[in-house]
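Presented below is the structure to which this report refers.
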Amino acid sequence: MHQTTVTISTHQHMELVDITTQIQAELRASQIATGTCILFNPHTTAGLTINEGADPAVRTDLIKGLRQFVPLDYPFQHQEGNSPSHIMATLTGSSLTVLVENGTLLLGTWQKIFFCEYDGPRTRKVVCRISAS
Amino acid sequence: MHQTTVTISTHQHMELVDITTQIQAELRASQIATGTCILFNPHTTAGLTINEGADPAVRTDLIKGLRQFVPLDYPFQHQEGNSPSHIMATLTGSSLTVLVENGTLLLGTWQKIFFCEYDGPRTRKVVCRISAS
Amino acid sequence: MHQTTVTISTHQHMELVDITTQIQAELRASQIATGTCILFNPHTTAGLTINEGADPAVRTDLIKGLRQFVPLDYPFQHQEGNSPSHIMATLTGSSLTVLVENGTLLLGTWQKIFFCEYDGPRTRKVVCRISAS
């Protein structure tokens, strides 16, 4: 079992950051050929998702889409003012499970792994655990 | 491997219930130091999420936010009238994977584990399986 | 460990397809009694969810509900025109973890496993890995 914490610097209030290369580097370091890669996001205004990585417009549209329907100006109770970010975190989810086969992440042709920043810019962390099965 | 079914009593039509303490008790009972904790919700109008637990306003705002954009009065076909609850269940997800390290749940500073009741009040169950890895 | 790729033919632009029987057949073929079943969707305009399977109206209402709040006509940047499908994919999630006990999927009474087609009709694939624990 190989476990590390990956650091991600985000640069906008809300954005998707492609972390696939970082996770692939962890997989190579683990020398595990078959198993699972579990990614866990320990933040409450961020998430993890897998989606299209070929066209950067998709990740922009994902943020635009969320901002169209998650209420941004609703009179929420939480005084920090970032309740929309907490809602987006729950909609996206806090962890990902990716299968590992032949020493590679079993992703689809167009899939990349994204860290979803909903309350940045910040320095964020994701726990990456790769286990043989 | 340690598996139990945790019982949760909900008291409102829609609410988030912090079940972190119950899951931590299961982890202690398991005596497992390193591994994974998989939580599975067997209900179709409920979910599981990880979000901020420090300020109770966040869990209230999560329900308020969902009720702002999931259509509550749309003429759905399902005759039981709880289609909005089924939609919220799919948006939230039916399971959680939490890493276990040094006999503790590897949660972020502000993170708690919540059972999401979308069609209560009811007595609900969550399957908790803790496995060594 | 038993891993296969399940093929799913979808027939509408957006629909939920019950794949529970296909996954149960894989579980029987695996001869694994206790463990986990991880399903992974390698597509970026599709998802996997667990919800009510008894009344077919629920799966219809899930699509109707998503189409009510995910903006379908927003001026997205992605030129393929299927950004709403990518957004639904992220809202639903790309994988499912189901517990296996006594050689059966540990699903609730009303739960079925659905492949969520958001940009069909197409021939789709889902990776199914069943591991003993």
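Summary of computed values
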| item | result |
| --- | --- |
| Among residues of the stretch A:50-87, those that are in contact with a helix residue (DSSP H, G or I) (Cβ under 8 Å, 6 or more places away or on another chain), open to solvent by less than 50 Å² (accessible area, probe 1.4 Å), within 12 Å of chain B (Cβ to nearest Cβ) and among the polar types (S, T, N, Q), counted | 1 |
| Residues being part of a helix (DSSP H, G or I), touching a residue at least 12 places away in the same chain (Cβ under 8 Å) and among the hydrophobic types (A, V, I, L, M, F, W, C) - total across the stretch B:54-73 | 3 |
| Selection within the stretch B:1-16 - open to solvent by 70 Å² or more (accessible area, probe 1.4 Å) and in contact with a Cys (Cβ under 7 Å, 6 or more places away or on another chain) | none |
| Some residue of the stretch A:28-48 being of a type outside the set (A, V, I, L, M, F, W, C), away from chain B (no Cβ under 12 Å) and buried (at least 20 other Cβ atoms within 10 Å of the Cβ) | yes |
| Some residue of the stretch A:116-131 being open to solvent by 10 Å² or more (accessible area, probe 1.4 Å) and within 14 Å of chain C (Cβ to nearest Cβ) | yes |
| Selection within the stretch A:74-109 - in contact (Cβ under 8 Å) with a residue 12 or more places away in the chain, hydrophobic (A, V, I, L, M, F, W, C) and over 19 Å from A:Leu39 (Cα atoms) | A:Ile87 |
| Failed item in (1) within 21 Å of B:Gly93 (Cα to Cα); (2) crowded, with 21+ Cβ neighbours inside 10 Å; (3) touching a helix residue (DSSP H, G or I) at 6+ places or on another chain (Cβ under 7 Å), with C:Leu96 passing the rest | (3) |
| The stretch A:94-117, residues that are in contact with a strand residue (DSSP E or B) (Cβ under 6 Å, 6 or more places away or on another chain) and assigned to a loop (DSSP other than H, G, I, E, B) | A:Ser94, A:Leu106, A:Trp110 |
| Selection count where residues are assigned to a strand (DSSP E or B) and β-branched (Val, Ile, Thr), scope the stretch A:1-53 | 10 |
| Residue in the stretch B:72-85 that is under 15 Å from the mean Cα position of the chain (by Cα) and within 24 Å of A:His86 (Cβ to Cβ) present | yes |
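Residue-wise test of (1) at pLDDT below 95; (2) of a type in the set (Lys, Arg).
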| residue | (1), (2) |
| --- | --- |
| B:Thr36 | no, no |
| B:Thr44 | no, no |
| B:Ile50 | no, no |
| B:Pro56 | no, no |
| B:Arg67 | no, yes |
| B:Val70 | no, no |
| B:Gln79 | yes, no |
| B:Asn82 | no, no |
| B:Met88 | no, no |
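The values are calculated or read from the model by the stated rules, or taken from the named source; none is laboratory data. These numbers come from a predicted model, not from an experiment. Note: ideal-geometry Cβ built from the backbone for every residue, glycine included; neighbour counts use all protein chains shown. In case anyone asks, the SASA skips ligands and DNA or RNA and just uses the protein heavy atoms, side chains included. Shrake-Rupley method; radii C 1.70, N 1.55, O 1.52, S 1.80 Å.
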